[in-house]
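All remarks here apply to the structure that follows.
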Amino acid sequence: MVHIPVLLDKAIDFLRCEPGRVYVDVTLGDGGHAEAILEKSSPSGILIGIDRDGDSIKYAQERLSLYQKRTILFHENFRNIKNVVTARAEFPKLAPLCLKTGPAPCSDRGVDGILFDLGVSTRQLMTAERGFSFSKDAPLDMRMDRSVGVTASEIINNKSERELRDIIWRYGEERRAKEIARTIVRERSGSPIMTTSQLSNIVVSAIPPVYRSKRIHPATKTFQAVRIAVNSEIEILEGAIRDAVDISNDGGRICVISYHSLEDRIVKNLFRELERGCICPPNIPQCVCGKKGIIKILTKRPVTPSEEEIKRNPRSRSAKLRAAERMKN
């Protein structure tokens, strides 16, 4: 049940990890990327880790125990990255490091590198009671933070047919979303849908064999869509990236690894907007808004895993990495 960090070497290269700098892993997971950041930025780089999954925080604490003097972890949603980073000067654990390490790792504004890895860890998928996977029967939960929010079963049993269709189509890009939503509503009228196996079997029954993918399980896209809806993953992404840029030092790097075309499209368009700056209508011959670009895109095209990495870690096949650098004022 070991999780293999995706695009690890590329992410570390783009983050440009150096001693005496401050880095934030906003999706800490099992700590694979965080461990590499700390190794690369030895002996004085600082890591702030954020994850809304309390189990991930506990697991990462153990994994990163050798670096505990340079690490501080938060059980938080990455939508609150600005609050976490802005408040870090108040933490006695980091304050001495900020004074001793250089060059200027704790400047007035923020940090030197921020990583978003938007995937689900192998441990989360393989822990049956989390309800992320249909491979084992378990309650339909799917919450990253099990202390708050609605569960997958609440969405499946309470959303209207139209709402379910929109979720499955938008977040899963499932062409049979209409049929799946209709079948879910019909089946739940008899008894609530409470387990992963129930939902998986319903989805399979809704898709005629001729339309089932030979490469992936018929329920894969629906489960992905429900998970994204449960955790509001798309809704919080743009705001979090804007905050990441805002709290970055001049020359700071922002790296985003996405696994879904909708996520990647949001990152691509937002990076382009922040690089362009100007928001004047295209028919105006000269800029009158005065807005300047604040980032430089480092990946004109997304970086994808090599064939070797995909063979070693099949879950990486859909990953795309985009990176940008905060420009100097």
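Each reported figure results from applying straightforward, stated rules to the coordinates on display, with no laboratory input. Just so we're clear, the structure is a prediction, and the values are computed from it rather than from any experiment. In this analysis, Cβ positions are derived from the backbone assuming ideal geometry, glycine residues included, and neighbour counts consider all displayed protein chains.
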Amide H to amide H, which residues 5 or more places from Thr195 or on other chains are under 5 Å from it, using H placed in the peptide plane?
Leu140
Cα centroid separation, the stretch 214-279 to the stretch 35-74 (Å):
23 Å
What is the helix-to-structure angle for 261-276, meaning the angle in degrees between its Cα long axis and the longest Cα principal axis of the chain, kept from 0 to 90 and rounded to the nearest 10?
30 degrees
Taking trypsin sites (Lys or Arg not before Pro) as candidate sites, keep only those in a DSSP loop with at most 16 other Cβ atoms within 10 Å, then name the longest stretch of the chain containing none of them.
1-92
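What pairs from Lys10/Lys300; Lys82/Lys328; Lys268/Lys296; Lys10/Lys221 go past 18 Å between their alpha carbons? Mind showing how you got there, number by number?
Numbers: Lys10/Lys300 15 Å; Lys82/Lys328 20 Å; Lys268/Lys296 12 Å; Lys10/Lys221 27 Å.
Pairs exceeding the cut-off: Lys82/Lys328; Lys10/Lys221.
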Vicinal HN-Hα couplings computed from phi for the stretch 139-149 (Karplus, 6.51 cos²θ - 1.76 cosθ + 1.60; Hz; Gly/Pro x)
x, 7, 10, 6, 6, 5, 10, 6, 8, 9, x
7 Å from Cα along Cα→Cβ at both Arg312 and Arg215: what's the point-to-point distance in nm?
2.2 nm
Dipole check, the stretch 130-232, charges on Cβ (K,R +1; D,E -1), about Cα centroid: among Val210, Gly172, Leu140 the Cα furthest to the positive pole belongs to Val210
Give the long-range amide H neighbours of Phe116: residues separated by 5 or more places, or on another chain, with amide H under 5 Å away, using H modelled in the peptide plane at 1.01 Å from N.
Cys255, Val256, Ile257
Any idea what angle helix 220-231 forms with the longest principal axis of the chain, computed on alpha-carbon atoms, 0 to 90 degrees, nearest 10?
60 degrees
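Ranking Met142, Met126, Met327 by Cβ neighbours within 10 Å, fewest first, what do you get? Write down the numbers at each step before the final one.
Details: Met142 27, Met126 14, Met327 18.
The order, fewest Cβ neighbours first, is Met126, Met327, Met142.
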Apply the Karplus parameterisation 6.51 cos²θ - 1.76 cosθ + 1.60, with θ equal to phi minus 60°, to every residue of the stretch 72-82 and state each ³J(HN,Hα) to the nearest whole Hz, in sequence, with x for glycine and proline.
9, 10, 10, 7, 8, 7, 5, 5, 9, 4, 5
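Over all distinct alpha-carbon pairs, what is the Kirkwood Rh of the chain in angstrom?
Numbers: mean 1/r = 0.0474 Å⁻¹.
Taking every pair of different Cα atoms in the chain, averaging 1/r and inverting gives 21.1 Å.
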Computed over all unlike Cα pairs, the Kirkwood hydrodynamic radius of the stretch 130-232 in Å stands at 13.3 Å
To the nearest 500 deg cm²/dmol, what mean residue ellipticity at 222 nm is calculated for the chain from DSSP H runs of n ≥ 4 alone, each contributing -39,500 (n - 2.57), summed and divided by the residues?
-12000 deg cm²/dmol
Kindly provide the GluC sites (Glu not before Pro) of the stretch 115-215 that DSSP labels as loop, not H, G, I, E or B, and whose Cβ sees at most 15 other Cβ atoms within 10 Å.
Glu173
Assuming R0 = 41 Å, can you tell me the calculated FRET efficiency for the pair Arg170 and Arg301, based on Cβ-Cβ distance, to the nearest 0.05?
0.95
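Just how large is the dipole of the chain about the Cα centre, in debye to the nearest 20, putting +1 at every Lys and Arg Cβ and -1 at every Asp and Glu Cβ? The partial results should precede the final answer.
On the way: 54 positive and 42 negative charges, 165 e Å.
Roughly 800 debye for the chain.
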In whole Hz, the Karplus estimates of ³J(HN,Hα) for the stretch 3-18 (6.51, -1.76, 1.60; θ = phi - 60°; x where Gly or Pro) are 8, 9, x, 8, 6, 4, 4, 5, 4, 5, 4, 5, 5, 6, 5, 9
Residues of the stretch 292-329 with amide N under 15 Å of the 7 Å Cα→Cβ point at Ile284:
292-293
